[in-house]
Amino acid sequence: MRLVAFLWLSLTSIAIAQTVPPTGNFVYIDQIGDNNSITVLQQDSDRHRALVVNQGDGNILAITQQGIGQHTSSITTLTTSSNSNNILSIEQVGTGNHMASILLNNNTGASNNTVGITQAGGVGANKQFTLELKGSQIGVSVIQDNPITPDSGTMSIQCLTPPCSGYSYSRR
């Protein structure tokens with residue numbers, strides 16, 4: 001079954017959500033425009049996947065995945081947009097594997113972006129993240145919270161023009 005829904009966020013913004021695979025939940029949003037707020041919530045026991053492509057400034061994008069099952073989230077951008085003053089976050093909790101990526105490394109004009117990734121879960125909740133961020137006046141916070149299961153991650157952060165609000169990685 002394939003479901004495609006169109007939602008007009010403003011005169012310059014379109015969000016497209018699809019449920020494609022026969023098992024699990026998949027959301028794809030191609031956000032075009034400025035000053036939008038997008039929240040994706042996937043919960044309960046199933047495979048959860050979400051991809052948000054941001055093309056604009058002043059946007060708040062949040063993906064939350066909860067419950068039992070594999071969670072995969074990605075927020076990325078295209079090189080043609082400035083992508084400044086955005087707040088981007090991914091939160092993954094529950095039993096199962098968690099994979100998150102935020103990739104905002106392809107535009108040197110980006111500035112004032114704040115990024116947060118939180119991954120938590122009990123036994124069997126392996127966590128992995130990839131973070132690539134380039135720009136001016138940027139900030140990053142990553143938390144992986146599971147004392148029993150190994151975690152992995154890759155960060156590449158480049159502050160082009162200070163001040164940048166700092167970077168933190170916490171493993172609890």
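Tabulated values for the structure
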quantity	calculated
Cross-chain or 6+ apart pairs with Cβ under 6 Å, segment 129-146 first and more than 14 Å from Gly166 (Cβ to Cβ), then acidic (Asp, Glu)	Gln144/Asp151
Options Ser37, Ser82; residue that is of a type in the set (Gly, Ala, Ser), within 19 Å of Leu103 (Cβ to Cβ) and surrounded by fewer than 20 Cβ atoms within 10 Å (Cβ to Cβ)	Ser82
Qualifying residue in segment 126-135 (condition: charged (D, E, K, R) and in contact with an Asp or Glu (Cβ under 7 Å, 6 or more places away or on another chain))	yes
Within segment 132-172, tally of residues that are closer than 21 Å to Gln119 by Cα and part of a strand (DSSP E or B)	22
Filter result (at pLDDT below 90 and either in contact with a helix residue (DSSP H, G or I) (Cβ under 8 Å, 6 or more places away or on another chain) or not in a loop (DSSP other than H, G, I, E, B) (or both)) within segment 32-53	Ile32
Any hit, segment 49-62, residues being over 14 Å from Gln31 (Cβ atoms) and touching a Phe, Trp or Tyr at 6+ places or on another chain (Cβ under 8 Å)	yes
Within segment 116-130, considering residues that are crowded, with 23+ Cβ neighbours inside 10 Å and within 13 Å of the chain's Cα centre (by Cα), the one nearest to Asp44 (Cα to Cα)	Gln119
Scope segment 131-145; condition buried (at least 20 other Cβ atoms within 10 Å of the Cβ) and over 13 Å from the mean Cα position of the chain (by Cα); matching residues	Gly135, Ile138, Gln144
Residues satisfying the stated conditions in segment 95-115, i.e. of a type in the set (Val, Ile, Thr) and either assigned to a strand (DSSP E or B) or closer than 21 Å to Gln42 by Cβ (or both)	Thr95, Ile102, Thr114, Val115
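The values are calculated or read from the model by the stated rules, or taken from the named source; none is laboratory data. Everything numeric here is computed off the predicted structure, so don't read it as measured data. So basically every Cβ, Gly included, is an ideal-geometry build from the backbone, and we count neighbours across all protein chains shown.
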